[in-house]
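The values are calculated or read from the model by the stated rules, or taken from the named source; none is laboratory data. Being a predicted model, the structure only gives us computed values, none of them experimental. Reconstructed Cβ throughout: ideal geometry from the backbone, glycine too, with neighbour counts over all protein chains shown. Calculation scope for accessible area: heavy atoms of the full protein, side chains included, ligands and nucleic acids excluded. Shrake-Rupley method; radii C 1.70, N 1.55, O 1.52, S 1.80 Å.
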Amino acid sequence: MFKKISILVVLLAVVVSMFSFVSAQNTELSGDLEIFSWWAGDEGPALEALIELYNSLYPNVNVINATVTGGSGVNARAVLNNRMLGGNPPGSFQVHAGSELTDTWVVAGRMEDLTFLYEEEGWFDAFPQGILDLMTYEGGVYSVPVNIHRSNVMWYNPAKLEEWGITAPTTWDEFLAVCPTIQAAGVTPLVVGEEWTQRHLWESVALGVLGADGWNGIWTGETAADGPEMVAVWEKFGEVLACSNIDTDATGLSWQQAIDRVVAGEAAFNIMGDWAAGYMSTTLGLEPGVGFGYAPSPDTAGVFMALSDSFGLPLNAPNRPAVVEWLRVLGSVEGQNAFNPLKGSIPARSDIDLAATGLYNQYLIDTAAAWGSDVIVGSLVHGTVGNPRFAGEFSTVLEIFKVTRDATATANALFAVCVQSGECGY
Ligand code: GAL
């Protein structure tokens, strides 16, 4: 009788220890775990918090935080390509959920299917279907999302707007109307930075001109890339750029330096994803609504252009057991709450009440509400929509516009990219 009871107790203890990953340290895992991303320098604190959480659970694993600096991954992706193609994958790497993941590494058969992990952790219920769909390919699910970022946000300095006697514009026409007043005060109305930040601005302007259906129609062919709506997008983009620093010093500015100009009152507005909120609150110590203001990018109220940073398990990843536990931490409530308050993003999990945790600032609470009520569309510049060929060639189209400032010629160039990439339904 006693023997039976003690066997039961032992069995119970084994079962409990299997399922309570966050409660105890695990000293069996060891060796190096290389995590590859572009979250270097100012972008680092949120990832560092995740690594700290992981190390508190797996103290014998040596996490190598391998970063290649450069906003939106422009440099990191090139290094990653070489490593993956050279058979030298990191343990896990940052990749946007959506086309950037599936149309690159998943179609090429370079990633492990994580269905087993999703089933063990109940993640098919914890993550929203729209996000799951982005990581799913032919029935498998290939990465774990750490967050949801919003692309279409306009940032400003509330005290400076007051000083200049202006309010945040809700439409591009309002912005264009106030542009001369701002210029007369010796201030740049809209600051842009290096090339990818210009593409970032473009996708917000396009969303504003086309609306959510028109934006989605690019990928189905309902919005013709050379049609009048798209010509109107380029025309509006040209007018907006004319109120910016595009022809002076944009190329030399990182996204943080562009935001710095807004904070300093040297520029009135910047369109950037909400990693800018992370930078301003975590790095610069500013309070949302006070030290920095935010609004949907003009003409996009009620529409949330979304992207999600995720991590996967490359085939033949070194130290696979340590990677699996890394992914388990990323998708956990604890992991999402360690990362997102610092990053300026909201959790990808739908079972976290942000306000109840006491961890999230007002910007993030507002953004979670918008995520729940807005129409959601995918970001092109941050890998949610648009296959890699389209996304890559889009830089050439932007260049054509910057050189010619000809909306019709640029729309024709975009049409050619649509045809070549096969991404626009024709
Ligand atoms: C995005 C990424 C964000 C942030 C940003 C700036 O592509 O999803 O997390 O890192 O680039 O580098």
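Below, the figures for the structure above:
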quantity	calculated
Complete set of residues in the range 352-365 that are open to solvent by 50 Å² or more (accessible area, probe 1.4 Å) and either in contact with a Gly (Cβ under 9 Å, 6 or more places away or on another chain) or at pLDDT below 95 (or both)	Gln362
Positions within the range 107-141 being away from the ligand (no atom under 16 Å from the Cβ), open to solvent by 30 Å² or more (accessible area, probe 1.4 Å) and among the hydrophobic types (A, V, I, L, M, F, W, C), in sequence order	Val107, Ala108, Phe116, Phe124
Meets criteria (closer than 18 Å to Ser143 by Cβ and surrounded by fewer than 23 Cβ atoms within 10 Å (Cβ to Cβ)) for Arg349	no
Within the range 374-407, tally of residues that are out of contact with any Asp or Glu (no Cβ under 7 Å at 6 or more places or on another chain), open to solvent by 20 Å² or more (accessible area, probe 1.4 Å) and either in contact (Cβ under 8 Å) with a residue 40 or more places away in the chain or not in a helix (DSSP H, G or I) (or both)	8
Options Pro169, Pro180, Pro158: the member that is open to solvent by less than 10 Å² (accessible area, probe 1.4 Å) and over 20 Å from the mean Cα position of the chain (by Cα)	Pro169
Residue check for Pro288: more than 15 Å from the ligand (Cβ to nearest atom) and open to solvent by 10 Å² or more (accessible area, probe 1.4 Å)	yes
The range 72-106, subset open to solvent by 20 Å² or more (accessible area, probe 1.4 Å) and within 11 Å of the ligand (Cβ to nearest atom), residue nearest to Thr197 (Cα to Cα)	Val74
Count of residues meeting criterion [without any contact (Cβ under 8 Å) to a residue 40 or more places away in the chain, touching a helix residue (DSSP H, G or I) at 6+ places or on another chain (Cβ under 7 Å) and of a type in the set (Gly, Ala, Ser)] in the range 202-229	2
Candidate set: the range 49-71, residues that are within 16 Å of the ligand (Cβ to nearest atom) and either out of contact with any strand residue (DSSP E or B) (no Cβ under 9 Å at 6 or more places or on another chain) or open to solvent by 50 Å² or more (accessible area, probe 1.4 Å) (or both); chosen: the one nearest to Ala108 (Cα to Cα)	Thr67
Filtered residues of the range 330-346 (kept if crowded, with 23+ Cβ neighbours inside 10 Å, of a type in the set (S, T, N, Q) and assigned to a helix (DSSP H, G or I))	Gln336, Asn340
Cβ-Cβ under 6 Å pairs, at least 6 apart or on other chains, the range 88-104 side touching a residue at least 12 places away in the same chain (Cβ under 8 Å) and among the acidic types (Asp, Glu), far side in a loop (DSSP other than H, G, I, E, B) and within 11 Å of the ligand (Cβ to nearest atom)	Glu100/Gly383
Check on Ala46, aliphatic (A, V, I, L, M), at pLDDT 95 or above, crowded, with 19+ Cβ neighbours inside 10 Å and under 20 Å from Trp196 (Cα atoms)	no
Selection count where residues are assigned to a loop (DSSP other than H, G, I, E, B) and within 16 Å of the ligand (Cβ to nearest atom), scope the range 254-268	1
Selection within the range 111-144 - farther than 23 Å from Ala322 by Cβ and in contact with a helix residue (DSSP H, G or I) (Cβ under 6 Å, 6 or more places away or on another chain)	Phe124, Tyr137
